[in-house]
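This report refers to the structure that appears directly beneath it.
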């Protein structure tokens, strides 16, 4: 991971994928070793474990060949094809004989990774704001941006963890849906920090982009996070009226990016309202369950 992280800058700025590719391959080859260990220690799951090991190793060979054999244009487009192969390996391997997994453990792992992303976003945003405050200008605007960023991040955390998710992870298919759709959740959570930094640069005048573009750089990731969290985590738990409010709130958050200079405050307010809706719906659900239990007890 350290090698991969060291190569991110060159990959994003210069389109030089050599270091980031080798970092990724080193990490994945460690996973090949783990699957070989599993194949040696668990005879019943050996076929599945070997399929994982062979599939992952084959894709890593293609990643390395991509860097040394293809030009910049083909390296860019082949990235998506190889990522498709990466996500197909588990689907093919698990189709032979599913591995054993614990739903509560899986839900906890994904939840903790989301929490880490939100925490990193908050830390990166805070660091950028501290640096800007050192210039001694736009203090009031930076204060509102910092406060709004804190409220937005806390609200995203609350929305994600509003309902328990382990109960829906009952099949291999539901596990794949849960895992792969989290790519959208993770990407949106990570992009929020970048959006806050763009807003900050726009406030202090360190960027030439328009206020609208700066606003959308924050509001769109928040909207995508809310919409994907509803689609993946919440819609099965909510009554129609609450789902309508959550989806409408996500759309409204996206549109707020068109408002200059106050969008982050408005987004924070909308997120607070959505959290309140989820809590009211949770309370109503508890009342309904309690009422049903009381009625059944009276009838008995």
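Quick rundown of the values:
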| quantity | calculated |
| --- | --- |
| Gyration tensor verdict on the stretch 25-64 (Cα atoms; rounded if a/c is under 1.5, prolate if a/b is larger than b/c, oblate otherwise) | oblate |
| Relative contact order of the stretch 129-234, pairs being alpha-carbon contacts under 8 Å that are 6 or more residues apart, as % | 35 percent |
| Exposure proxy ranking, count of Cβ atoms within 10 Å, fewest first, for 273, 204 | 273, 204 |
| Within a Gaussian network of the chain (alpha carbon springs, distance under 10 Å), most fluctuating of 88, 142, 115 | 88 |
| The stretch 195-258: projected area of the alpha-carbon convex hull, averaged over directions, in nm² | 4.2 nm² |
| For the stretch 103-290: relative contact order, % (alpha-carbon pairs under 8 angstrom, 6 or more apart) | 27 percent |
| Cα Rg over Rh - the stretch 103-290, Kirkwood | 1.01 |
| GNM flexibility winner over the chain from 111, 55, 119 (Cα, springs under 10 Å) | 55 |
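We did not get these values from a lab; they are worked out from the coordinates using the rules stated. Values in this document were obtained by computation on a predicted structure and should not be read as measured data. As a convention, Cβ positions derive from the backbone with ideal geometry for all residues, glycine included, and neighbour counts pool all protein chains shown.
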